[in-house]
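Okay, structure first, notes after.
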Amino acid sequence: MDYLLTTILIFIASIVGFNIFYSNVQELNQINLAFIKLGGVLILVSLFFAIKYGWRLMNEIFNLLKRQRNWIRYVIILIIALLLWNAYTEKNSVLDPVFEKYEKVNFSLFAPVEFGNFTLNSDGENSFFKGISETFGKSELDVKEIEKEIIILVNSERQRVGARVLSARESLNTFARSWSDKMISQNFFEHSNLNFYYPSTAGENIGETPIHYNVVGCGSTYGNNKIAKCFVDGWIGSSGHYENMIEKSFSMTGVGVSCDYSKCRATQVFSG
């Protein structure tokens, strides 16, 4: 029991230390220790102990479970399963904040050393992380580019079947973007009541695709153009969406795309 208590205390201390060092890393790095970045060193050390004693704590919990009666183990496993299921079903309020926090972490602050003008941080032309990013060709997500590419691909398909090219209309773009933003922010996926806003001849397509993934039916989504192609390929493969896409009475369109950390949702509206 003393060993378990010690493990818990060191684990908690490591987590607290990590948060303190990360929050004050700029001030700690100003302490002159030659090429050593004190803040980065303390962050890595506290992270090391957090992982080490977190792993030990998990093993101790498993060992404790093994020593209990079967019915107690089953109850604990059931409780864990229910908690995991609740986290999944309530991911907007449970998991999304975790991912948002992760995305805001500046991992360049973890760098423990600095050599002259070549620094292990994310700023400046000599940045190690910038070099790695350029080496692997990391693309930045740009919803405006995705929207433009969707219109290009849709018009290309319309020309192929003899339908006239659609012109982008700003009021339609605004509506489409607001609907995609709403689907992302409120975490739902359904068509809008478009006829309430525009003539009854109007049509609407919506779609969803993961970011940086390999999607069955349209392939890779590593890049703005590939994400746009995935949307359009999905609409082409769906009879109702495809009918909207090639409807010859339509002359105007609007496209709006919105994304979070894992997916993009798109809305395309059509008008005569």
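The values are calculated or read from the model by the stated rules, or taken from the named source; none is laboratory data. Small disclaimer: the values here were computed from a predicted structure and weren't measured. Please note: Cβ atoms are built from the backbone with ideal geometry, for glycine as well, and neighbour counts cover all protein chains shown. When the accessible area is computed, the model is the full protein with side chains, heavy atoms only, and any ligands, DNA or RNA have been set aside. Shrake-Rupley method; radii C 1.70, N 1.55, O 1.52, S 1.80 Å.
Values for this structure:
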{"item": "Residues satisfying the stated conditions in region 190-224, i.e. modelled with pLDDT of 90 or more and either open to solvent by 40 Å² or more (accessible area, probe 1.4 Å) or in contact with a Pro (Cβ under 7 Å, 6 or more places away or on another chain) (or both)", "result": "Glu208"}
{"item": "Tally, over region 225-239, of residues that are open to solvent by less than 60 Å² (accessible area, probe 1.4 Å) and either among the aromatic types (Phe, Trp, Tyr) or at pLDDT 90 or above (or both)", "result": "8"}
{"item": "Pair list, Cβ under 6 Å, 6 or more apart: region 155-178 residue touching a residue at least 24 places away in the same chain (Cβ under 8 Å), other residue polar (S, T, N, Q) and in a helix (DSSP H, G or I)", "result": "Leu166/Asn155"}
{"item": "Region 176-187, residues that are within 18 Å of His241 (Cβ to Cβ) and either of a type in the set (A, V, I, L, M, F, W, C) or surrounded by fewer than 20 Cβ atoms within 10 Å (Cβ to Cβ) (or both)", "result": "Ala176, Trp179, Met183"}
{"item": "The listed residue being in contact with a Gly (Cβ under 6 Å, 6 or more places away or on another chain) and basic (Lys, Arg), out of Arg169, Arg164, Arg160", "result": "Arg169"}
{"item": "Residue, modelled with the lowest pLDDT, within region 247-272, restricted to residues that are within 20 Å of Val161 (Cβ to Cβ), open to solvent by 40 Å² or more (accessible area, probe 1.4 Å) and not charged (D, E, K, R)", "result": "Gly272"}
{"item": "Single residue of region 1-57 satisfying the filter (buried (at least 17 other Cβ atoms within 10 Å of the Cβ) and of a type in the set (Ser, Thr, Tyr)) that is modelled with the lowest pLDDT", "result": "Tyr22"}
{"item": "Restricting region 78-94 to residues that are under 22 Å from Phe11 (Cβ atoms) and assigned to a helix (DSSP H, G or I), the residue that is modelled with the lowest pLDDT", "result": "Ala87"}
{"item": "Residue within region 160-169 that is of a type outside the set (Asp, Glu), outside any helix (DSSP H, G or I), modelled with pLDDT of 65 or more and open to solvent by 80 Å² or more (accessible area, probe 1.4 Å) present", "result": "yes"}
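This table checks each residue for (1) closer than 23 Å to Thr6 by Cβ; (2) of a type outside the set (A, V, I, L, M, F, W, C).
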{"residue": "Ser23", "(1), (2)": "no, yes"}
{"residue": "Gln30", "(1), (2)": "no, yes"}
{"residue": "Val45", "(1), (2)": "yes, no"}
{"residue": "Gly54", "(1), (2)": "yes, yes"}
{"residue": "Lys66", "(1), (2)": "yes, yes"}
{"residue": "Ile77", "(1), (2)": "no, no"}
{"residue": "Leu82", "(1), (2)": "no, no"}
{"residue": "Ala87", "(1), (2)": "no, no"}
